[in-house]
Amino acid sequence: MRAAIYARVGNPDQVAVRHQAEVLTGQIRGMWGERTEIDIYADNGISGLRTDRPGLQKLLRNAGTYNGVFVYNMSRLSRSVPDAVGLVRQLKNQGAELYAADRNMAGITEEILKAVSDIPT
């Protein structure tokens, strides 16, 4: 199995990228085992309202090589519901399921994202 972690910090008051990666790594290993290959993509100090983040763009280019993409919470991926839906769709089209730690690592589908999103628009 191959997993990608996407971590983002927009300002110093948010959970640090390292902490996000550590939490997600532990959860991935618990779900998929110690032998899971994990790559980490990150953006520091960049707003979640922007989709042109370098780490995010690199992840999107490589998403088809992963079984799953993991985020600490959906606001780390995007702070825009339409952008988040588009990103979920891009990941799924490449064969990568999106998982969020604050959703008990349940796979995120477009329908769930639209229905229960707590991301401000």
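None of the figures in this text is laboratory data; all of them are computed from the coordinates on show. A quick note: this is a predicted structure, and the numbers were derived from the prediction, not measured. All Cβ positions, even for glycine, are placed from backbone atoms using ideal geometry, and neighbour counts span all protein chains on display.
Some points to look at:
- Backbone amide hydrogens, once placed in the peptide plane, bring Ala42 within less than 5 Å of Ala7, excluding anything fewer than 5 places away on its chain.
- Computed over the range 1-86, the range of Cα coordinates on each principal axis works out to 34, 28, 19 Å, biggest value leading.
- When peptides 26-36, 1-11, 53-63 are ranked by their average number of other Cβ atoms within 10 Å per residue, the highest-first order is 1-11, 53-63, 26-36.
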